[in-house]
Amino acid sequence: MKNGNAGKIISILQLFPVIIVWSIALGFTTFIIYIINLSNALEDKPSIAVGISLVAIPLLWTMASVLTYVFVGLKRGRKKG
Amino acid sequence: MKRADEHFGEDAILFDPIYKPGKGFYVALSVFLAVAGFAVYLYIRQYFLGLGVTGLNRPVFWSFYIVNFVFFIGISHAGTLISAILRLSKAEWRRPITRVAEIITVVVLLIGALHPIIDMGRPDRALNVFLYGRYQSPLLWDLTAITTYLMASTVYLYLPMIPDIAMMRDKGTKFKWLYTILSWGYEGTPAQKHVIEKGMTIMMVMVVPIAVSVHTVISYLFAMTVQPMWHSTIFAPYFVVGAIFSGTAVLLVVMVVLRKIYHLETYLKEIHFKHLGTILLVMSLLWGYFTFSEYLTTYYPQEPHEMKVFWYKFIGPYAVFFWGMVATNLVIPVLLLSFKKDIKGIFIASICVSIGMWLERLNIIVPSLVSTRLPYPTGFYVPTLTEVGIFLGGIALFCLGYLLFAKLFPLITVWEIQEGREHGIKEVNDRIRSYLPDKKIDVI
Amino acid sequence: MAKWGMVIDLDKCTMCGTCIASCHIENNVAIVGPEEAKKNRAIFWMDTITFEEGEYPNARIKIVPRPCMNCQSPQCTYVCPVNATQKGEGGIIGQIYPRCIGCRYCTVACPYTVKYFNWYKPEWEKEFKKALNPDVSLRPRGVVEKCTFCTHRLQKAKEKAKAEGRKMIDGDYWPACAESCPTGAIYFGDLEDINSKVYELHRSPRAYRLFEDMGTDPTVYYLMEGR
């Protein structure tokens, strides 16, 4: 039924902001881990990459979690029926 | 059939830009698109020909693009920092200002983040930063901080927008599909309100240290070199203070402009400008204090390389820019904001500060580069049409971003205003009562 | 591991400029043309610095050849975001042209301003094209370059020594400027090889380095003019 399909498309599109923030958070985590490995392989000092990652990664994950929390919370808090 | 905006009750005028864009909107859109389009052409030309089309040379390897980079990222502190701090301190007068400020941050951050790429000699190799990156380089610290701040500001802008988007989904007539998607099923139930409030509180608290870190790492770009008058520990707080200063000024300029063109006189009242004007005055004096401290510590020991830069700014070729900066950042704003504190005075002071803070970035970057330690022949840096055009394009892009936002979403947080009407007065009464010693005092 | 260094005897230097010319030819340095040169964009891996001392009637001019200082604590390497400027074999600060993104942070961080940038694509006239050195890669537009102590000659010297079944000795590897200097003012060699000429010279009381107290630890030494 058309309404049902439209509702599904809308639900999928509503996920986009959540997907984007998690992509950034996970993408950055992957990037920093890759850089730390590269630094080790080149026998350079990875200390600052580790230090920055200890701050940046929790921050990014927290922000992504906040957005997810709001998304889920809004879906859950809808009026029944 | 009722007109769409009549559904919105007494705050209908806030939705006018969306439902009744005047002729001015299309004229402005065309002008900004033209300027931005010309800037894009100039950049494409630079991409294929090389950075030789700019006025850069040896030793002035960094100039306009990096000045504008720091300038735009500095303005980004307006929004989120001021909005977050005002919300955290429960300042009631924040209500019409918060979203105006937050939009500034997001748009200007995107434009600022473009500038290092515009400045690169080989932007086609930008991915090398990810493939071969070294975190010892302050440029990667910049990358991390700006990404984090961009994400934080966008989430912090979006969360308070949800109730307003839901309002437009329910009562409006245009773009219903967009609002349905973006409102995430918000219906105003107490559970949902609580969720949004909690999300906003967490973001509010997180955004402040992130914002401080962004301009700190930008200052580290310069402070981590050994160049005279760059290698200074004061740079980090100096830049943060400068950013808040320039951000407040641009916020005031935007507020005055929006108030005029969208007829928001009942929402952006004189008291709002007065309060922000006080903040601008305080920041101006604070900026003056930092500047004085920096130049005194440079001047006192008379170290030859640093004095070369010092005199270049004080009496040399950059004297007009240096003293212009002091006049527009300190003298004029302090005089205006102390004696002529109406909207007109505040507007002039803010424009002066915006110009002055741009000059400050120029004064920090170019004189240190021109005054090389070894005696090389150096000329006077003059920007070319490419650099000026791209700068104007950046400003046009900012106005475009703002215009498009205004076309789709209300610039003032409607639900926050309504909350202020319904709950604000009682909350403030209760709060004042709790400060006073005698519980039986009745405050009206 | 070697530590390649240079000693420039200012008593022998006549400021003839041969080192500059030979460096240009050896390293395929771009000729930017008179208009670009007027804009301060000429590229000189080996350059001269003109120090003016004193006032009339006791004014002195001292012209000093200036290659890359090859710092062992290199400011340029510290700030490069992509590791295109890096300390390589023998302590030579090299430049990886295909990796450089042209951000020019290294040019701005260098306290001696020895780095140069290709503002446009380097072009050569027909005659110069025939004289290009096949051992040195041509730089595209938008990348940074600087003196590399003719590091391509190090590779050649190492291979030659290996082919001849012996170790490298002092004098096997020297850059174009040192080789072409008509008075022999530029010495080059391994600063850690106690038998090399540069080892003996860099410990002379006449030896000094530019901006020594900044801590960049350059490997280019100058021998003060005798008084």
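Taken together, the values in this text are just the output of simple stated rules run on the coordinates, not laboratory data. In this text, all values refer to a predicted model and were calculated from it rather than measured experimentally. Cβ sites come from the backbone with ideal geometry, for glycine too, and all protein chains shown count toward neighbours.
Rounded, prolate or oblate: which one fits the range C:81-227, using the alpha carbon gyration tensor with axes a ≥ b ≥ c (rounded when a/c is under 1.5, else prolate when a/b beats b/c, else oblate)?
Because a/c hits 1.5 or more and a/b fails to exceed b/c, the range C:81-227 counts as oblate.
Counting each DSSP H run of 4 or more residues in the protein assembly as shown as -39500 (n - 2.57), what helix-only mean residue ellipticity at 222 nm follows after dividing by all residues, to the nearest 500 deg cm²/dmol?
-18500 deg cm²/dmol
Mind checking the angle between helix A:2-14 and chain A's longest principal axis? C-alpha axes, 0 to 90 degrees, to the nearest 10.
In chain A, helix A:2-14 runs at an angle near 20 degrees to the longest axis.
Which of the residue pairs A:K8/B:K198; B:K260/B:K426; B:K269/B:K426; C:K3/C:K160; B:K171/B:K426; B:K313/B:K340 have a Cα-Cα distance greater than 23 Å in the structure shown?
A:K8/B:K198; B:K260/B:K426; B:K171/B:K426; B:K313/B:K340, as the Cα separations exceed 23 Å there.
Show me the helices of chain B, taken as full DSSP H stretches, that run 27 Å or more along their long axis by Cα and average -0.5 or above in Kyte-Doolittle hydropathy.
Qualifying helices: B:23-49, B:98-119, B:138-158, B:190-223, B:235-261, B:270-299, B:343-370, B:385-408.
Given a 10 angstrom Cα cut-off, can you work out which residue in C:P182, C:P134, C:P65 is the most mobile in a GNM of chain C?
So, out of C:P182, C:P134, C:P65, the one fluctuating most is C:P134.
With 20 Å bins from zero, work out the P(r) of chain B over every alpha carbon pair and list the percent per bin.
23, 54, 21, 2
Add +1 for every Lys or Arg and -1 for every Asp or Glu among the other residues with Cβ under 14 Å from the Cβ of B:F61, and state the total.
Charge balance in the 14 Å sphere: +3.
Run the quick spin-label model on C:I194 and B:V27: label points 7 Å from Cα toward the beta carbon, then report their separation in nm to one decimal.
Distance between the two pseudo-spin positions: 8.6 nm.
Using C-alpha positions alone, give me the convex hull volume of the range A:3-80 per residue in cubic angstrom.
Cα convex hull per residue, to the nearest whole number: 77 Å³.
Once both labels are modelled 7 Å past Cα along the beta-carbon direction, what's the A:V72-B:Y47 spacing in nm?
For A:V72 paired with B:Y47, the spin-label model returns 4.1 nm.
For C:T216, what is the net charge nearby, where nearby means another residue's Cβ is under 13 Å from its Cβ and Lys, Arg count +1, Asp, Glu -1? Walk me through the numbers before you get to the answer.
Details: positive: B:R373, C:K87, C:R209; negative: C:E212, C:D213, C:D217.
Computed value for this residue: 0.
The range A:12-81 to the range B:154-186: how many Å between their Cα centroids?
A separation of 25 Å, based on Cα centres.
Would you pull out the residues with amide H under 5 Å of C:I49's amide H, same chain only if 5 or more places away, H placed 1.01 Å from N?
C:V64, C:R66
Taking the Cα centre of the protein assembly as shown as origin and charging only Cβ (+1 Lys, Arg; -1 Asp, Glu), how large is the dipole, in debye to the nearest 20?
2300 debye
Quick check: convex hull of the Cα atoms in the protein assembly as shown, volume per residue, rounded to a whole Å³?
Numbers: hull volume 166.1 nm³, N = 752.
Output value, Cα hull per residue: 221 Å³.
May I ask for the distance between the Cα centers of the range B:75-127 and the range B:383-444, given as a whole number of Å?
What the calculation gives is 14 Å, centre to centre.
Any chance you could check the Cα centroid distance between the range B:303-345 and the range C:51-99 for me, in angstrom?
35 Å
Given H placed on each backbone N at 1.01 Å, which residues far from C:Y221 in sequence or on other chains put an amide H within less than 5 Å of it?
Amide H neighbours of C:Y221: C:M6, C:V7, C:I8.
Given Cα pairs under 8 Å that are at least 6 residues apart, what percent is the relative contact order of chain B? It would help to have the intermediate numbers written out before the result.
On the way: 543 pairs, mean separation 129.5, N = 444.
Relative contact order here is 29 percent.
Given H placed on each backbone N at 1.01 Å, which residues far from C:F117 in sequence or on other chains put an amide H within less than 5 Å of it?
C:E145
Give the shape of the range B:317-444 as rounded, prolate or oblate, defined through the alpha-carbon gyration tensor: a ≥ b ≥ c are the square roots of its eigenvalues, a/c under 1.5 means rounded, and otherwise the shape is prolate if a/b is larger than b/c and oblate if not.
prolate
Karplus couplings for the range B:181-186 from phi (6.51 cos²θ - 1.76 cosθ + 1.60, θ = phi - 60°), rounded to Hz, Gly and Pro as x?
Using θ = phi - 60°, the values come out as 5, 6, 7, 6, x, 6 Hz.
I'd like the trypsin sites (Lys or Arg not before Pro) in the range C:127-202 restricted to DSSP loop residues with at most 15 other Cβ atoms within 10 Å, sorted by number. Numbers along the way, then the final one.
Details: sites: C:K129, C:K130, C:R141, C:K146, C:R153, C:K156, C:K158, C:K160, C:K162, C:R166, C:K167, C:K197; in loops: C:R141, C:K146, C:R166, C:K167.
Answer in residue order: C:R166, C:K167.
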